[in-house]
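The values are calculated or read from the model by the stated rules, or taken from the named source; none is laboratory data. The structure displayed is predicted, hence computed values, not measured ones. Counting neighbours? That spans all protein chains shown, and the Cβs are built from the backbone with ideal geometry, glycine included. These accessible areas exclude ligands, DNA and RNA; they are computed on the full protein's heavy atoms, side chains included. Shrake-Rupley method; radii C 1.70, N 1.55, O 1.52, S 1.80 Å.
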Amino acid sequence: MQVRLMRGVLCCALIGVAGGIGIVQAQAQAKPAQNAVVTLDYGWQFRQIASGQNGENGWLPATVPGDVHLDLLANKKIPDPFFRDNEAKLQWIEKESWEYQLKFDVAPGLLAQSNVDLVFDGLDAASTVYVNGTQVLTADNMFRVWRVPVKGHLHAGSNLLRVVFPSPITAAQKVAEGDPWQAKTGTAAKTYIRKAAYEYGWDWGPQFVTSGIWRAVRLEAWNKVRIADFAIRQRDVSRDVAHVDAEVEVEAATAGPARITVNYHQAGAPVAGMPVFVTVAANLHAGRNIVDLPIEIRNPKLWYPAGYGEQPLYEFTAQLGIAGQWAEQRTAKAGLRSIVLDRHPDQWGRSFQLVVNGIPVFAKGADVIPFDSFPNRVTTADYRRILESARDANMNMIRHWGGGYYETDEFYQICDELGIMVWQDFQFGNDWQPGTYAFKLNIEAEADDQVRRLRNHPSIVVWCGNNETEEALNWGYEAKLPADVRFQMWQDYLTEFSGILTRVVARLAPETPYWPSSPSADYEAVSSTYHTGDDHIWDVWHGRVPFSTYETHHSRFVTEYGFQSFPEMKTIEAFTQPEDRTGIFTPVMLAHQKNNEGNSIIHDYLLKDYPEPKDFSSFLYVSQVLQAEGIKIGAEHFRRSRPETMGSIFWQLNDCWPVASWSSIDYYGRWKALQYYARRFYAPVLVSPHVENGALKVYIVSDEVKTRTANLRVRLMDFDGKVLLEYTHAVNVTPLASKVHLDWPLKKLADAGAADTTHVFVVADLTSDGTQLSRNLVYLAPVKEVHLKPASLRIETTGGNGNYKIRVSSPVLARDVYLSFGSLDVKLSENYFDLLPGETVEITAKSTATLDALKAQLKAISLTDAFGNGGRQATVVAAP
C-alpha cells in the first residue's frame, strides 16, 4: 500500500466503497518502520543454584522457551520422565532453585532509541530478573506478559541477563504465610503463585512442578510511539453488513500528533487493486491512547462453526506514523460472526444454547487438557493432528479446560481455520483461590493480558471463569468450615469470578459471552423441574452407576462426562518393559493410572457387561469398547434431547502423557475406539434407535439448517443375517431438531421372531442420494446376555504408494471390528466398527509402509475374540 505524504500531513480522500470505507491516494511512500525487536531466545545457560556442580561453574546449555525438566533431560541429567515409574524419581526438581543466564550484545543504534523494554511472554513462575546485576523485575504469574523498561541498565556491547527461580513449592508457601486468612480457609499454598494447576498432578496426569522461561523473551526498542494492542471490535454483524471498529491502542512517550491507518482484505483471497483502508489523525497524550477507526463491511463473508458454513478470515493491518515516518505496524486476523449465549425461560427451566450468526448450534465436542506435561515439546504437527482429529470426528467445539495454561496463538489459529468453537476457561482449576487484594490485582492483570491476546479469534465463543471452583465451596474440607469463614470465602469468590473477570471481558471483549464457572447455574436455584446452566456429570465413573444413568439427566448443556480406557498396546510399550505388561495392576501400570482405584473401576464396569478378557492385550481392547459404548449412550441421549439439551462435551479429547485416562486420543495421537465412535454419534444427521417405555423408537437428529429428504431403513435381524422384520420409508429430516420417525412396540418385535432377545439386534440405516448418513445398532437384551457368534473375518488389502484399501467381511454379525498393525502407524478411515452378516466394508488406509509390510502386521479381531469362552481368534483370510 502506498500513502502520500505532503509537508508532513497525510492527505487522503474518504469515499464509500462496496465492502467498507476506503481511502484513495498514491503519490509517495512513507519511510519504513523505526521500532525494533531483538529476540533473546538463543544462547541461554542454566544451573541448579544449590550445587553448582554441573560443568564449568555449574552452567549447562538451556533452551528458551523451555523449562528446567526439559533442559535437564536434554543434558542427560535425568531419565525420560514418562518411562516406567521415573516420575517418582524426579520430584526433587521442584524442591530446588534454578538460575538461567544469557550473555547478549547490544548495538549502539538500539540504545539510540528513546525506550528499550525487556519483554517476557511467560515466566513459570516465581522468579527474579536481573540486568547487568540490577534487579528489574519480580514475577509470580506464568500467565502474564512482563514488560519492564531497561534502557538505563543496558550498555553497548556485552550485557548479562539473569533469571532466578526459587523452588516453586517454597515460594508459594512463603506467599501463603503472608495471608492471615489462609490458616482459616485452608486454601492450598500452591494457589498463591499463579501456575498451571496440572503441574501438581491430576487424576490423569503426573506431577512435574517445573520452572523456566516458558514463552519468548525479547527487547523492544521504540522512539516516541508504539502499537501496544490492536483489536477488531465487532459491534454488530449480520449477513448484510458488519460494523466493526479497528481499535488501536498506542503508547506514546510524549504528547503529539500521529496518523493511524488500517487496511483490510479477506485473508487468502486475491486483492483486486489497492486494499480497502481508513485513516485518522490523532493528537496523542503521553501514556496509553485508544483510537477507534469505524469500518463498515457490506455483504461480509461470515465465519461459521464446522458443519454450518465456511471459515473465512479478514486480515487487518494497522500502521502508526509520526513526523512523516511509519513507526510500527501490526496485523490481526478476525472472523466476522455474531455470538449470543441464549438464556431464555422455557418449559424445562432456562435455556443454554449458543447462537452463531442467528443459528442455534448444538455443541458437539470434548474437553481439551494440555498436550504435554512440558508445553514446549508441543509442535505445530501435534496441535494440528489433535484438532483435525476433532474436526474429522464431527466436533464443532472444544472446551479448553481451566487447570492448564492459556494455549499458544497457533492453537487458536488452527481452531479458527477448522471452525472449532472454543469454550475458554480462565486458568483456575478446582482449587479454592486466595482472596488477598494482591492476588485480585494479579489475576486482573493476567485476564487483561490474555483477553487482549486472544480476543480477535472468532473460535473463542465463551469465556468461563473457572473449572469447578464455584462448587468446591461445598466439597469436603471447605463444606465444614465455620459460617463466617465461608462467608468471607464466598465474598472473595464473587469479587474474583463475577466481578474482576466479568469486568475484564466486558471491557475488552463484550461481544463474547462470559460464564462464571463450569459447572454453574449463574447462581440460580435448580430443581428436578427447573434446569439451567451447564453440568458436569460424574455419577457414571465416580458413583459407579450404570451407563444408562446418563439418560436420567435433563441437562441444558453438558461440559463434562466421561469414562476411562487404556491406550493401545503400541502406546503402552513406549513406557513399559515386558514384565510391566502382565496385567493392569502391575506397579508401572498403576503408576500410569492417576485416578484413585481407576483400574479397578474399569475392571468392575467391564465385568458388568462382558466376561473377563483372556489376556492383557484383550483387556486393553475391551476397555476401549467399554468406554466408547458408555459415552455413546450419553452423547446420543443428549442429542436426542435437543433442544432441551444443547451441548455434549465429553471428558476428554487428549492426553498430556501416556496413561490410562478418559481421553479419546492418546498421547501419541492414536485414536481410541471412542474417537471413531464420536465420528458416528456426532454425525451431522444421526439415526438413533432407542428402547424406551416398552417400545423401540427410532430418532433422527439433524444439525443441518435445511430440510433433507432421506430414506430410513430399519431391520430386525438375527446374528446370521436373517431379516425378521423390516421397515423402509422416505422421510423429511427436520433441520435443527430431534424427532421420532418410527415407534415399534416391543411386542411387535417379539411377534416377528425376537422373543429370545439374546440372539437378535436392530439396525437402522439413514441414506440420502445413495450416501449413508448414519447407521446405528441396538440390542434388545442387556449386553452381557447377548450371545454373539464367533466371527471369521475375511480381509483383502490392496493399493500402494502409501494409499491402501482394506475390504473386510464376515458371515455373521461382527461387533467392534478392530484392525491393528503391530509396530506400524497407520491412519484408517474407520475402525472399531460393526460388520453386518454378509456385508463388505471398505476402509482406506494411509501409511509409509509397503503393502507387504502392511499385510504382514495386519491383525483383525472382533469382540468375541477377546474372551476365553464363546469366542475364537478371528481368521484373516488373504483374498485371491
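Scanning region 705-720 for residues that are open to solvent by 40 Å² or more (accessible area, probe 1.4 Å) and within 24 Å of ASN693 (Cα to Cα) returns a single hit, ARG713. Considering ALA242, ALA253, the condition of being over 16 Å from ARG298 (Cα atoms) and surrounded by 15 or more Cβ atoms within 10 Å (Cβ to Cβ) is satisfied by ALA253 alone. Considering region 478-519, the residues that are buried (at least 16 other Cβ atoms within 10 Å of the Cβ) and among the aromatic types (Phe, Trp, Tyr) include one that is nearest to ASN357 (Cα to Cα), namely TYR514. For the structure I just gave you, tell me whether TRP204 is closer than 30 Å to SER565 by Cα and open to solvent by less than 20 Å² (accessible area, probe 1.4 Å). Yes, satisfied. When region 313-339 is limited to residues that are over 21 Å from the mean Cα position of the chain (by Cα) and not in a strand (DSSP E or B), the one that is nearest to ALA363 (Cα to Cα) turns out to be SER338.
Within region 732-757, residues that are within 13 Å of ARG640 (Cα to Cα) and among the small types (Gly, Ala, Ser) have Cβ atoms under 7 Å from residues that are at pLDDT below 95 and open to solvent by 50 Å² or more (accessible area, probe 1.4 Å) in no pair, counting only partners at least 6 apart in sequence or on another chain. Taking residues in region 851-871 that are on the phi > 0 side of the Ramachandran plot and surrounded by fewer than 22 Cβ atoms within 10 Å (Cβ to Cβ), and partners anywhere that are of a type in the set (Phe, Trp, Tyr) and modelled with pLDDT of 95 or more, not one pair has Cβ atoms closer than 9 Å while being at least 6 places apart or on different chains. Of the strands (runs of 3 or more DSSP E) lying entirely inside region 168-233, those containing at least 3 residues that are farther than 30 Å from TYR264 by Cβ are 200-202, 205-207. Applying a threshold of 6 Å to beta carbon distances and a minimum spacing of six or more residues, or different chains, the list of pairs starting in region 674-686 at a residue that is outside any loop (DSSP other than H, G, I, E, B) and modelled with pLDDT of 95 or more and ending at one that is open to solvent by 10 Å² or more (accessible area, probe 1.4 Å) and among the hydrophobic types (A, V, I, L, M, F, W, C) reads VAL685/LEU773.
Determine whether VAL691 is over 18 Å from the mean Cα position of the chain (by Cα) and open to solvent by 10 Å² or more (accessible area, probe 1.4 Å). Yes, satisfied.
Looking across region 288-307, the residues that are in a loop (DSSP other than H, G, I, E, B) and more than 15 Å from LEU336 (Cβ to Cβ) come down to ALA306, GLY307. Within region 581-608, residues that are closer than 15 Å to PHE563 by Cα have Cβ atoms under 6 Å from residues that are of a type in the set (Lys, Arg) and open to solvent by 10 Å² or more (accessible area, probe 1.4 Å) in no pair, counting only partners at least 6 apart in sequence or on another chain. Per the listing ASN283, ASN289, the residue uniquely over 25 Å from GLY358 (Cβ atoms) and open to solvent by less than 30 Å² (accessible area, probe 1.4 Å) is ASN289. Taking the numbered list (1) touching a residue at least 12 places away in the same chain (Cβ under 8 Å); (2) over 30 Å from PHE120 (Cβ atoms) in turn, ASP431 passes all entries but (2).
The criterion of at least 2 residues that are in contact with a strand residue (DSSP E or B) (Cβ under 9 Å, 6 or more places away or on another chain) and open to solvent by 10 Å² or more (accessible area, probe 1.4 Å) is met by the following strands (runs of 3 or more DSSP E) wholly inside region 342-443: 353-356.
Close contacts from region 690-717, counting a first residue that is within 21 Å of MET646 (Cα to Cα) and a second that is open to solvent by less than 20 Å² (accessible area, probe 1.4 Å) and in a loop (DSSP other than H, G, I, E, B), with Cβ to Cβ under 7 Å and a gap of 6+ residues or different chains, come to VAL701/ARG642; ASP703/PHE362. Of all residues in region 741-757, exactly one satisfies the criterion of being buried (at least 19 other Cβ atoms within 10 Å of the Cβ) and modelled with pLDDT under 95, namely ALA754.
Candidates VAL783, VAL723, VAL778, VAL760: the one that is of a type in the set (A, V, I, L, M, F, W, C), open to solvent by 40 Å² or more (accessible area, probe 1.4 Å) and under 27 Å from LEU606 (Cβ atoms) is VAL783. Considering each residue of region 178-188 in turn, none proves to be buried (at least 23 other Cβ atoms within 10 Å of the Cβ) and of a type outside the set (Val, Ile, Thr). For LEU620, indicate whether it is more than 28 Å from the chain's Cα centre (by Cα) and surrounded by 16 or more Cβ atoms within 10 Å (Cβ to Cβ). So LEU620 fails the test. A single member of PRO790, PRO735 is open to solvent by 30 Å² or more (accessible area, probe 1.4 Å), touching a helix residue (DSSP H, G or I) at 6+ places or on another chain (Cβ under 7 Å) and on the phi < 0 side of the Ramachandran plot, and it is PRO790.
Of the residues examined, ALA183 is not one that is under 30 Å from ARG452 (Cα atoms), among the small types (Gly, Ala, Ser) and out of contact with any strand residue (DSSP E or B) (no Cβ under 7 Å at 6 or more places or on another chain).
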